[in-house]
Structure formats: structure tokens, C-alpha cells
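The values are calculated or read from the model by the stated rules, or taken from the named source; none is laboratory data. No experiment lies behind these values; they were computed from the predicted model shown. Methodologically, a virtual Cβ is constructed for each residue, glycine included, from the backbone with ideal geometry; neighbour enumeration extends over all protein chains shown. Ligands, DNA and RNA are excluded from the accessible area calculation, which covers all protein heavy atoms including side chains. Shrake-Rupley method; radii C 1.70, N 1.55, O 1.52, S 1.80 Å.
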Amino acid sequence: MNSGFKNPLTQIGLKQQLILVFLVLVVPLFILNSYGNYRADQILKRNVSDAYMELNKQNFKLISRDIESINKVTSTVFQHPLVQQLNPAEDESMLERVKNYERLENLLNSYSAESNQQAPLYYSLFVYDPTNSYSFAPYYPESRKAGGYFFNEREKPEWFDEAVAKKGNGYLRLIEHLSPPNRGQKNQRTLAYIRAINNIAKGGTIGVLVVTNVDARIGESLQTVSIPEGELYFTDWDNRVLTSTVPGAGRGLELPREAGTAAGDSMIGAKDVITDDFIYVINYNAMFKHKLIYKIPLKALLQQQNEIKRIILLISVVYFAVGLIMILYFWRALMTPLQKLVYFVRRYEPGKVVPQTPKWRRNDEISVLVSSIYEMARRLNGLVHYKYQMDIKQKEAQLQILYQQINPHLLYNTLESIYWKSTLEGNTASAEMIKELSKLMKISLSRGRELITLGEELEHATAYIKLQEHRYEYGFKVTWDVPAALYACIIPKITLQPLIENAIIHGVKNMGEDGEILIRARERAGRVEIAIGDNGYKTVDFTAIDKLLNDESPSPSVGYGIRNIHQRLRLHFGPEFGLRYEARAEGGTLVTVTLPGQTEPAEK
């Protein structure tokens, strides 16, 4: 007696079952919507905070890069012989001092040249001149923005001793645009990078280098970030505002206690602090003692979230109503023809005769679907017969390829015989050329393989170079720097030889012994990069080369050799691999072949 559990769904009709399933699928949508609204306020702050923290990190990197660039330039000025030899106390003629001052002005103005891309920086050197040896030179800026200034004890700027006490370490400071305190002038405040310049040979301080308009440069980086109704601040360690996106921002910024104070020197990196009204994203730089602060109001974020909630709720209601209507309609319109179609699909076997397509009184998508499936079954029968015929033709083609490979192998063996005969007869140069040519043919065949090891490809490239040296008696130098550990990596055959040929013909062909070709391979992050560089003097149009490699319809006048290599690499390994052309720092051209760090599978 079977008294097992009976499914209650079997007691109702299919239409009711479908509606019930629909409700089971849709009702959780409203439950999740309610729960989502409850959780949204809690996770919104965290998600926004994480997003702005990543943005802050990127923005902070740009600012730090600008400051580091300024520091590098000041180091260059620091080590310049003209600056190191500057000593007002030395006994020099007035003419020599005037010339030194003129050269110093030209040096500082060269670094202060304005640029259209970025806000300009102005480099000024302040030198303590107690003997008034440079009395002809100004001791504070009037109309100029950069230059050299010499002052005595009475005219000393207020920040000079502070910079000297830093012992050559640069730092950021708000100053009254370099004006001395006893002039009685109210100048515009500016953010400056200040660094004392010490005498490397004799010790002591030569002067203080001041880079002004830094706030404009940092302000450009801040302007790249858009925060709705938010505020961006760049402050020092004591929360004094150095520059900001808020016009008329005060000198001090109040931060929550959790953000830390100047005493927290151990704070490094980024952190976020969430209060009832704001989200603070703060990035600390302990080296230069400054912070980048994002202040995001929560009110604007919550207002946008409420609008999204209402839209989602409306969409859910409309989705439920439309879905219910459509499921009732399609139940009556689809189920009968689909059941007949399922019956046909279950009985169908590829190769069997397909019956005549059923005719329907309507001409809608269901009729098209039924007709298409019957027609697809007929096409599948045709494909079965076609595949059978193609398998036979494939076997015939493979046999023909085997026959065609006999001639290249015969030529390779013949070249080997000529090589040994030339060697026995004393024709060493000819024998070596024949040997290198036979190597080229042997590797080009590669037993029908398209992918070979890097070691085999290097052997092919070496044979080509030696053949060219014998043929044209080139005097250029070839340097190989390929670790043996990379020899097992796979590479499409005949990849390096055309690139080396370009380096010879278009690079060092007419340079004689001054020509040099470098072939270097390195492994980085699971990839293998093979660089082929030359020190050629010809001008190379890298824009045209990049267009040739990557455009769909490149100009045929440039040539297709390197494009062929680039396309083969991408077809074998993917679009992230291929060729990259660029200029060498030492002069000439550098082409880099990027391959996956994939080794050849072991032969069975």
C-alpha cells in the first residue's frame, strides 16, 4: 500500500500552477526591495566612502608626483656648479659678480618657464649677503616672479632661518609671496616649496631655494575630481589649509577626532571617517607632512538614493502587473503548439527523415519557431552528410601535405651535403653560409608546427644574422641578453627574424662599426617581453607604425611585414599580446614582442 507524500500542486490545474510559480518568483522581489531600502542607508556610506577613497588615492598620487617632481628639480639646482660655487664672501671683482648673477638669473628663469599644459612654477634663490657684495641685485621680488635675491640681516625673510634648520630637507609652507616683513606691503599669499641649499664641498648654507605658485599646480589636480556638493582640501599636518576647491577657505580646517591630529605622526595612507553629516576621506603623507581631505555631505547622497528607491518601487509594480498579464496570455497562445514541438524534438534523431512542417492558421512567432526548428532539423541532416564528406577530404588533404613536405626536406638534406663538400674543399665562408641557410630551412619547417620554442627561434635568428654578415660583410655589433630559463617558452616561428631584418636595413645598415643591435628578453608578471633595439639615426614615424599595427584598414604604403607578425601573435595568444614600437632613450628604435609565459607541452 503506497501511502507516500502527495504533491499538492498536482491537485490544481497547470494555469494555476504557472500563476503560483509566477507569484513565488515575483513576491520575493518586493520583500528584497523592502529589505534593500532598509539596508541601503547603512551600506551607502561605506560604498561611497570606498569609492572616494580609491579616487582620493589616485588624486593623492598625482599631487605627490608633482611635489616629487619639484623636489627633483630643486635637487638639480642644488647640485648645479654655478649654485655650488656661489659665495658672496669671496673676493671677486664687480664684473665677475655681475656675470655670476646674470648666469644665476638665466638658470632660475629656465626652470620657471611657463607652460600651456600646467600652471607655471617660479624658482627663486635667496642668498644671505652680509657684506652687501651683490648690492646691485634685488633683495626681494617686486614685479618679477622668479630670480636670485641677495639680502643682509635686516632684510632677511622670516622663513629663511626655518628653512636652514631643515638641513636641506624641502617642505611646503604658506608665505606672503616672499616679501620681507619690514616692507609694510600686503602681498598675495602663496604656497611655496622651500629648501635650503648647502655647500657640498665646504659645508654651510649657500641660500634657500623657494618654488612659488605650488598651490596653483596642486589646484589643477584637485579640479580633476568632481564631488557633488563636496569640498577638497590640501592641508599640512596641523590641518592648516594650503589650498582648496572652496573659495575663501579659512586657514584652519576642523576635522573629527577620529581623523587624528598633528600628534599622530604614525598615520600613513588613507582612512575614512563617517559622521552624521559628512564623510571624510583623508590621505596622509608623513614624509612631507601634509594631507589630502575629501569632505562629502551625506544629505545630497541620501536625497539621490530616495529618488532611486521610488523609481525601483515603481518599476517593480509595473513589472508585476505586466508580467501577470503576459503569463496568462502566453499560457493559452503557446502551450499547445509548444507541446507538439516538444514531441517532435524528442523523437528526432540526426539523419532521419524529417516529416512535413505542420501548418498553422496564424502567422506569428510560434509559427516561425516551429518552421525554423523543422528547417533546422533538415539543415542538420545536411550538415551530417557534409561533415562525412569533409572528413574524407580532410584525410586526402593531410596526405597531400605529407607529399608536399618531401621536397623541402630533400632540399634541406641536399644543402647539408653541399655544406660538407664545401668544407672538405676548403671553401669555409661558403660552407658557413650554406650551413646557416640549412638552419633557416630546418627551423622554418619545424615539422609542420606553427609554434616553436624561443630557443629554436633564437637559433633561427642567429643563423639569419650570420648569413647577412657573410653576405654583406656588415660591421655592426649584435648583443644577446636572453636568459636560458626562457628558452622553453613558445613563440610563433619566424617572428624575430623580420624584426632583426628591419633593424639592420632601416637602422644600422650604413653605420659600420658604430651600429649596434641589442636582443634582450625578460619575464615580467607571467609574461615574456623580447626587446630588439638598434641605435639607428634615421627618423621613425611611430604614429604610422601604430596605425599600421592596430587600424582595420592601414595604408598599404607602409608595408605589412610587422602587421603580419602582430596579427599572428594576437591570433595565437590574445589581443593583449603583440608588438609595440617606441624610441630608445639612447637613440634609435626599440620594438618589444610580448608573449605569455607559456612553455611548450611535452611531446607524447
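Odds and ends about this structure:
- Size descriptor for the stretch 15-104, Kirkwood hydrodynamic radius: 20.4 Å (Cα pairs only, one decimal).
- Given a 1.4 Å probe and the protein chains as shown, residue 20 ends up with an accessible area of around 70 Å².
- Judged by the mean number of other Cβ atoms found within 10 Å, the most tightly packed of the peptides 529-537, 341-349, 216-224, 50-58 leads the ranking 529-537, 216-224, 50-58, 341-349.
- Residue order by solvent-accessible surface for 133, 226 is 226, 133, largest first, with ligands and nucleic acids left out and a 1.4 Å probe.
- Taken per residue, the accessible surface of the stretch 453-541 reaches 48 Å², heavy atoms only and a 1.4 Å probe.
- The candidates 329, 123, 581, arranged from most to least accessible area with a 1.4 Å probe in the full protein assembly, appear as 329, 581, 123.
- On the basis of the beta-carbon distance and an R0 of 25 Å, residue 312 and residue 372 show a calculated FRET efficiency of 0.10.
- When 466, 156 are compared by accessible area at a 1.4 angstrom probe, the order from most to least is 466, 156.
- Heavy atoms of residue 287: accessible area, 1.4 Å probe, square angstrom to 10: 150 Å²
- Carbon/sulfur fraction of accessible area - the stretch 347-394, other protein chains in place, 1.4 Å, %: 58 percent
- Accessible area of the stretch 65-128 belonging to carbon and sulfur atoms, whole % at 1.4 Å probe: 47 percent
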